[in-house]
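Colleague: What follows is a structure written as structure tokens; I'll ask about it next.
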Amino acid sequence: MPLAGFAGGLMIGLAAAIMLLGAGRIAGVSGLAARTVGLGSGAPWAVAAAFIVGLPLGAAIVSWFAGGVVVRIPISLLALILGGLLVGFGTRLGSGCTSGHGVCGLSRLSPRSIVATTGFMAAGFATVAALRIVGVGL
């Protein structure tokens with residue numbers, strides 16, 4: 001599936017470029033989500049809401065054209081929810097997420113984003129290693 005990953009990366013980069021060039025805003029999903037639910041400021045609400053609604057809508061369209069997508073989540077629903085809440089807390093604590101820091105910030109060579117993305121990646125590597133040691137299949 002390297003071609004699918006490459007195409008997905010191109011689409012993420014294109015969306016980030018359109019957001020930056022068209023609206024003058026960084027396409028940080030956590031910031032846009034916060035703006036949509038009234039927890040943040042920045043992009044106009046309609047722009048933030050359209051971006052957030054477009055994420056699952058775009059995935060649904062791709063799934064429909066691809067004839068369906070099989071999703072396997074090897075952990076419990078409770079663990080998935082807890083992980084999502086921890087990620088949300090971390091994005092607020094770190095003032096951004098992997099899309100804002102990792103895609104947009106790194107492409108602008110932002111020192112803050114380089115540090116943040118290094119931290120995201122290190123934490124992800126450590127988490128996967130720890131879960132494999134205790135026998136949770138990832």
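Colleague: Name every residue in region 100-120 that is of a type outside the set (Gly, Ala, Ser) and touching a Gly at 6+ places or on another chain (Cβ under 8 Å), in order of residue number.
Modeller: 101, 103, 104, 112, 114, 117, 120
Colleague: With respect to residue 35, is the statement that it is charged (D, E, K, R), open to solvent by 70 Å² or more (accessible area, probe 1.4 Å) and over 13 Å from the mean Cα position of the chain (by Cα) true?
Modeller: The answer is no for residue 35.
Colleague: Kindly indicate whether any position in region 11-31 is surrounded by 16 or more Cβ atoms within 10 Å (Cβ to Cβ) and farther than 21 Å from residue 108 by Cβ.
Modeller: Scanning region 11-31, I find no residue that is surrounded by 16 or more Cβ atoms within 10 Å (Cβ to Cβ) and farther than 21 Å from residue 108 by Cβ, so the answer is no.
Colleague: Exactly one of (1) over 22 Å from residue 103 (Cα atoms); (2) at pLDDT below 85; (3) open to solvent by less than 80 Å² (accessible area, probe 1.4 Å) is unmet by residue 71. Its number?
Modeller: Exception for residue 71: condition (3).
Colleague: Let me ask something else about it. Conditions: (1) at pLDDT 85 or above; (2) under 20 Å from residue 9 (Cβ atoms). Residue 129 meets all but one. Number of the miss?
Modeller: Failed condition: (2).
Colleague: Report, ordered by the first and then the second residue, all pairs with beta carbons closer than 6 Å, sequence separation of six or more or different chains, a first member in region 43-60 that is aromatic (Phe, Trp, Tyr), and a second member that is part of a helix (DSSP H, G or I) and open to solvent by less than 50 Å² (accessible area, probe 1.4 Å).
Modeller: Listed pairs, sorted by first residue: 51/32.
Colleague: Still on this structure, I have one more. Which residues, counting only those in region 74-93, are open to solvent by less than 100 Å² (accessible area, probe 1.4 Å) and within 24 Å of residue 57 (Cβ to Cβ)?
Modeller: Result: 80, 81, 83, 84, 87, 88, 91.
Colleague: What single numbered condition from (1) modelled with pLDDT under 85; (2) of a type in the set (A, V, I, L, M, F, W, C); (3) more than 15 Å from the chain's Cα centre (by Cα); (4) closer than 20 Å to residue 17 by Cα fails to hold for residue 109?
Modeller: (1)
The values are calculated or read from the model by the stated rules, or taken from the named source; none is laboratory data. None of the values given here were measured: they were computed from a predicted structure. We place every Cβ from the backbone using ideal geometry, glycine too, and count neighbours over all the protein chains shown. Keep in mind that these areas ignore ligands, DNA and RNA; they rest on the heavy atoms of the full protein, side chains included. Shrake-Rupley method; radii C 1.70, N 1.55, O 1.52, S 1.80 Å.
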